[in-house]
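For reference, the structure discussed in these notes is given below.
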Amino acid sequence: MINRLIAWTIQFLPERFIWIFSKKYIAGKTLDDAVRVVNHFNAQGIFTTMDVLGESLDNKEQALKFQKNYFKTIKESAKKGLKTSFSVKPTMFGLHRDFDFCHTAIREIIALASGYGFLVRIDMEDSNCTDPELKLFEKLYIEFPAHVGIVLQSYLKRTYSDLQNILKISNPKYPVNIRLCKGIYIEPPGIAYKKKEEINFSFLNCLDLILAENLFPAIATHDKPLIQNCLSLISKHNKDKKEYEFQMLYGVAPLLRAKLVNEGHAMRIYVPYGEHWFHYSTRRLKENPHLVRDIIVGFLVKK
């Protein structure tokens, strides 16, 4: 309870204080910072997903600035030969205000990325975004089947049904690339599972269908027991190690990550960066209040 209270209060503190926590989970504030981190992971045989931080913007001018940042990131990644993909949040491009503008802005990002052979993943945000983001993905996947992916969240009760709908549009030549995660947004119990065992059951149920239908699963979790169950499903479906990957967040579970890599499993690390890091960090704190201790320890060490 105290952790939750502190996590709620933390958003009102000076940014320099929050950065003590954030620098562990964010590559940095500049593209150079992100490239340095990606190079570090690539040297270890680990893939990455680069994400320019920012969300829920209503200003089209600002959205176009973010688009230019993505253009620059994609071009620099190609120039440096980085083994990476990219993640975009549709609310950064006015998803709720102007769907067509959002579609055009993200389409142009994917069009550029596809020319270099990169994949761009449409991120999944809170439940108010689920329907329009699935609609957006479907339009983009039909046009760029080899270069666009989607995220599904197992804690939403609708996710298995959403997965069945995705199967209807999947191109056998370019199986849909699905990042399957538990979900981090705070949702009402009427639409979201709350108990860990329910969320994990949904996760495995969805993964079982993804594997059975020969889609490409990007298994995003830091839950060690859940990962063991995922490996059992992979074995059940006799999948080659090129037919799936694990994904983790930058700065989280490095020992578990190393274990999976050493066992030969493909690993991709989510690498967020950018000037708009503050809201990403405070949201993570509110959703994971136990992380507050990292701030307190970091502050005391600095002092």
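Proximity of backbone amide H atoms, modeled 1.01 Å from N, is registered between Ala192 and Lys157 at under 5 Å, excluding neighbours fewer than 5 places apart on the same chain. Full extension of the segment from Asn238 to Gln62, taken as 0.36 nm per residue of separation minus the current Cα-Cα distance, would add 58.7 nm.
Ranked by the mean number of other Cβ atoms within 10 Å of their residues, highest first, the peptides 95-102, 26-33, 175-182 come out as 175-182, 26-33, 95-102. Counting only residues 5 or more places away or on other chains, whose amide H sits under 5 Å from the amide H of Thr49 once H atoms are built in the peptide plane? When sequence neighbours closer than 5 places are left aside, the close amide H contacts are Ser85, Ile269, Tyr270, Val271. Listed values for region 195-212 are Karplus-derived 3J(HN,Hα) couplings in whole Hz (6.51 cos²θ - 1.76 cosθ + 1.60, θ = phi - 60°), namely 7, 4, 5, 5, 4, 5, 4, 4, 4, 5, 5, 5, 4, 4, 5, 4, 5, 5, and x replaces Gly and Pro.
Taking 20 Å as the limit for the C-alpha separation, the pairs Lys195/Lys259; Lys196/Lys224; Lys139/Lys182; Lys23/Lys79; Lys195/Lys224; Lys29/Lys89 exceed it in the case of Lys195/Lys259; Lys139/Lys182; Lys23/Lys79. Straight-line cross-link reach from Lys65 at under 20 Å between alpha-carbon atoms covers these aspartates and glutamates, not counting any fewer than eight positions away in the same chain: Asp32, Asp33, Asp51, Glu55, Glu76, Asp98, Asp100, Glu108, Asp123, Glu275. Whole-Hz Karplus values for region 165-176 come out as 5, 5, 4, 5, 9, 5, 8, x, 6, 10, x, 4 Hz, taken residue by residue from phi with 6.51 cos²θ - 1.76 cosθ + 1.60 and θ = phi - 60°; glycine and proline positions read x. In this structure the amide hydrogen of Arg121, modeled in the peptide plane, comes within under 5 Å of the amide hydrogens of Phe86, Ser87, Val88, Gly149, none closer than 5 places in sequence on its chain. More than 19 angstrom separation, counting every C-alpha pair in region 172-272; what % is that? For region 172-272, the fraction of Cα-Cα distances above 19 Å is 43 percent.
What's the ranking of 159-171, 209-221 by average number of surrounding C-beta atoms within 10 Å, highest first? Mind showing how you got there, number by number?
Values: 159-171: 14.8, 209-221: 20.1.
Order by mean packing, descending: 209-221, 159-171.
The average projected area of region 58-273, computed from the convex hull of its Cα atoms over all directions, is 11.9 nm². The antiparallel fraction among DSSP beta bridges confined to region 58-273 stands at about 10%.
Here, each number is a calculation from the coordinates, and none is a lab measurement. Predicted model only: the values in this text are computed from it and were never measured. Cβ atoms come from the backbone with ideal geometry, glycine included; neighbour counts cover every protein chain shown.
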